[in-house]
Amino acid sequence: MSEKRQYPTVLTIAGSDSGGGAGLQADMKTMQAFEVFSTCVVVGLTAQNTLGVQGAYPADESVVRAQFESIMADFEIRAAKTGALFDERRVKEVAKNVSRYKIKNLVVDPVMVAKGGAPLLDEDGVRTMKEDLLKRALLVTPNIPEAELLSGMSIGNLEEMKKAASKIQALGVPNVLVKGGHLAGEKVYNFALLGSETFVLTGEKVNTARKHGTGDTLSAAIISLLAKGCSLKSAIIAANDYMNAILPQPLFTGHGHGSLNHGLWKNPEKVRESLTGESLSRQLVIGLGNVQYDEQKLLGLVEEACQAGMTVVQYREKGEKRVDFEKRLEIARKLKGLCAAYGVLLFIDDDVDLAILSKADGVHVGQDDTSVEAIVERAPELLIGLSISTMQELEKSKKDLAQITYIGVGPVYETTTKTDAKPAIGLEGLKAIKNQVKVPVIAIGGINEENAVAVYSAGADGLAVISAITNSDHLIETVKKLIKHGEAT
Ligand SMILES: Cc1ncc(COP(=O)(O)OP(=O)(O)O)c(N)n1
Ligand SMILES: Cc1ncsc1CCOP(=O)(O)O
Ligand SMILES: [Mg+2]
């Protein structure tokens, strides 16, 4: 076989949903959205549509085995997941093949019952899954009813989710993610037990019947990110963000529960539409020039900032040393990987080529940079941020406002970070510009954890900062304060 590095390739071991919204179809659509190559072992077929499951037809074990043989003879599988496995015989066959081919990064989505109530795993299958399959997995992702069956206890709240996760871990699987969507309450809590580390992820409870395939989609997103080299924790966090982004915008297809819009994440038009104020609200602008040309410091700081809750990173390379294009591309690609893992948007300052080649989400341009028209013509997939410093610039840019994602307004306060900054416009200048536009206003220039509240009160929809982060000796606290000030106004 060729020694060439392989494109990240993943495997779903699951049942087919003829209705296309769940099962291996949901998995493969999700994998496409995350830009990994997907392969599948079909463990059985269902005759199914958005109204329910009309029939289930397990595949013969020899057919399951033959598919494993074909896939493993050719592909380098970086991560795999299981979905509906139907019964004890198929669970055993899958477990055997997972061992035979030493499949790593296996996520078991212990699918037991379809959304409409149809059983997708019999009782003996559940027992075999507990005894034989879980110990071969990296992670198991039960929902509440599945966690109850696996743990043998009933679950009515977060505390019980935690207890159940420990009981499931004791079955031999090192990491457990219990999905709390079935519990009552306005928010959804998902509880993760990764080794001895625990954390809770929240999501909005979306008031829609179109939740079919959510478990498949979440686990497919997790293995796609694992295949791209993300840590398990980052993969879970980013997959949760993906769910929160696509759940509110289902597809109205069929006459029953409809479907998730799996491609939404990567469709720029849709991403633009689904961007909330929150997703643009805290931007870290940074480059090597802001961190004494120390690459590890840059990447470390960006990762920490993403973890802490910054929502956008802008890669802006200014400073006395020249950083050549090749190096900037290398950095931008690394930043893209980091940001994607946390569901953070990456913008590139000034350079449209760099934004295209690094697959950044957007580009930020000033008044004298590439025109908005030219960017849209060349790279319609890019989100666009545009600097506005004065009413005159706003007037000149009004024709472009419909095409752009946000305007960067400032400097609001004096700043020493940008050597050629225009005069500070103050809170009054910010207010005046805000009053003239519908597009989100991201304030920049001299903003820090103390004055952020005033900036928000003047009408800013978000903040962009450099020194508030690069000079902070308590970054998590700094970001927390930026978040708090935004929430307070
Ligand atoms: C969010 C945000 N707002 C304004 C700017 C300034 O951009 P620009 O006018 O292109 O100046 P330089 O950044 O190139 O010095 C920004 N980068 N980000
Ligand atoms: C890039 C830029 N554009 C206007 S002011 C500025 C610099 C912001 O840096 P700081 O947050 O350290 O004042
Ligand atoms: Mg610029």
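Peptide packing: for 393-404, 90-101, 426-437, 455-466, the average count of neighbouring Cβ atoms within 10 Å per residue gives the ranking 455-466, 90-101, 426-437, 393-404, highest mean first.
Here the relative contact order of the chain, from alpha carbon pairs under 8 Å that lie six or more residues apart, stands at 10 percent.
Rounded is the label for the stretch 9-265, because a/c, from the alpha-carbon gyration tensor with a ≥ b ≥ c as root eigenvalues, stays below 1.5. For the stretch 351-470, the alpha-carbon coordinates run over 39, 32, 23 Å along the three principal axes, in decreasing order. List the pairs from Lys96/Lys135; Lys396/Lys484; Lys228/Lys334 whose alpha-carbon separation is above 23 Å, in the order I gave them. The answer is Lys396/Lys484.
So for the stretch 82-177, averaging the separation of alpha carbon pairs under 8 Å that are six or more residues apart and normalising by length, what relative contact order in percent results?
Worked out over the stretch 82-177, it gives 30 percent.
Under 5 Å between amide hydrogens, built in the peptide plane, is the criterion, and for Thr415 it picks out nothing among residues at least 5 positions away or on other chains. When the Cα gyration tensor is reduced to axis lengths a ≥ b ≥ c, the ratio a/c is 1.5 or higher for the stretch 68-196, and with a/b above b/c it is classed as prolate. For the chain, find the longest principal axis of its Cα atoms and tell me its angle to the long axis of helix 232-246, 0 to 90°, nearest 10. The two axes meet at around 80 degrees. Which of rounded, prolate, oblate describes the chain, given a ≥ b ≥ c as roots of the alpha-carbon gyration tensor eigenvalues and a/c under 1.5 marking rounded, otherwise prolate only if a/b is larger than b/c? Judged from the Cα gyration tensor, the chain comes out prolate (a/c at least 1.5, a/b above b/c).
Amide H contacts of Asn261: Leu251, each under 5 Å away and 5 or more positions distant or on a separate chain (H built 1.01 Å from N in the peptide plane; Pro and chain starts excluded). The angle between the Cα long axis of helix 214-227 and the main principal axis of the chain comes to about 70°, on a 0 to 90 degree scale. For the stretch 9-265, averaging the sequence separation of C-alpha pairs within contact (under 8 Å, six or more residues apart) and dividing by the residue count gives a relative contact order of 20 percent.
Largest first, the residues Ser70, Ser472 sort by 1.4 Å accessible area into Ser70, Ser472. Computed with a 1.4 Å probe over protein heavy atoms only, the accessible area of Ser18 comes to about 80 Å². Over the chain, DSSP H runs of length four or greater, each weighted -39,500 (n - 2.57), average out per residue to a 222 nm ellipticity of -11000 deg cm²/dmol. Solvent-accessible area of the chain (1.4 angstrom probe, protein heavy atoms only): carbon and sulfur portion equals 51 percent.
The values are calculated or read from the model by the stated rules, or taken from the named source; none is laboratory data. Because the structure is a prediction, the values reported are computed rather than measured. Positions of Cβ are generated from backbone atoms using ideal geometry, with glycine treated the same way; all protein chains shown enter the neighbour counts. Side chains are part of the model used for accessible areas, which takes the heavy atoms of the whole protein and leaves out ligands, DNA and RNA. Shrake-Rupley method; radii C 1.70, N 1.55, O 1.52, S 1.80 Å.
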